[in-house]
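Here the structure is laid out as structure tokens; the discussion comes afterwards.
The values are calculated or read from the model by the stated rules, or taken from the named source; none is laboratory data. Remember, it's a predicted structure, so these values are computed and weren't measured experimentally. No Cβ is skipped: glycine too gets one built from the backbone with ideal geometry, and neighbour counts run over all protein chains shown.
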Amino acid sequence: MRVYHGKYAAAKRKFGIVVARFNEHITRPLLDGAVTTLRKAGVRDKNIEIVWVPGGLEVPQFCKKLRQKRFCDAVIAIACVIRGGTYHFEVVSHELTRGISQVALETGTPIATAVVTVDNLEQAIDRAGLKSGNKGEQAALVALEIASLNEQLGKDRPRKTKKN
């Protein structure tokens, strides 16, 4: 039986971070948490590439662009969508999540998310480092782990079977 576990050690892995500028008062602390966590794991600044985009709907496209550049072993997607009085919240939240999943599946790129979808500003602040911890830090830990797992499983080749 083979059991795989991701490791939090960075080795020489490279990470991309796509962060939405909309609601930057929330996304900036999420970004800071992610970068701090990657640095603590031993990732050098030259191995972190950050792309700022206007809003959440642009995040998936630029996650894909980072993969096309072949820069990174994993990507961290950061955005904050706060419910308003219209249907816009549902549309943006759904398309952002769907887009990230689609890019991950199409490209094979591990994507960790620090996408905060909340009802109000207080909940967003809590997830950016107050009561609920920093979701950027948590996403960076996930990125480290999934990059490690992706590497391990990428090296594993199917065994040849004997012909009868």
Of the numbered conditions (1) among the hydroxyl-bearing types (Ser, Thr, Tyr); (2) assigned to a loop (DSSP other than H, G, I, E, B); (3) out of contact with any helix residue (DSSP H, G or I) (no Cβ under 6 Å at 6 or more places or on another chain), TYR8 satisfies every one except a single condition; which is it?
(3)
Of all residues in segment 11-28 being in contact (Cβ under 8 Å) with a residue 40 or more places away in the chain and over 15 Å from the mean Cα position of the chain (by Cα), the one that is farthest from ASN134 (Cα to Cα)
PHE22
Would you check if there is a residue in segment 109-122 being under 16 Å from VAL18 (Cα atoms), in contact with a helix residue (DSSP H, G or I) (Cβ under 8 Å, 6 or more places away or on another chain) and modelled with pLDDT under 90?
yes
Lone qualifier among GLU95, GLU49, GLU106, GLU137 - being in contact (Cβ under 8 Å) with a residue 24 or more places away in the chain, charged (D, E, K, R), in contact with a strand residue (DSSP E or B) (Cβ under 8 Å, 6 or more places away or on another chain) and surrounded by fewer than 22 Cβ atoms within 10 Å (Cβ to Cβ)
GLU49
Can you name the number of the only condition in (1) in a helix (DSSP H, G or I); (2) surrounded by fewer than 22 Cβ atoms within 10 Å (Cβ to Cβ); (3) in contact with a strand residue (DSSP E or B) (Cβ under 8 Å, 6 or more places away or on another chain) that ALA143 fails?
(2)
How many residues of segment 71-100 are of a type in the set (A, V, I, L, M) and within 13 Å of the chain's Cα centre (by Cα)? The answer is 8
For residues in segment 52-76 being touching a residue at least 60 places away in the same chain (Cβ under 8 Å) and of a type in the set (A, V, I, L, M, F, W, C), which is surrounded by the fewest Cβ atoms within 10 Å (Cβ to Cβ)?
ALA74
Segment 29-42: number of residues that are in contact (Cβ under 8 Å) with a residue 12 or more places away in the chain and either polar (S, T, N, Q) or out of contact with any helix residue (DSSP H, G or I) (no Cβ under 8 Å at 6 or more places or on another chain) (or both):
3
For the structure I just gave you, tell me whether LEU105 is hydrophobic (A, V, I, L, M, F, W, C), at negative phi and touching a Cys at 6+ places or on another chain (Cβ under 6 Å).
no
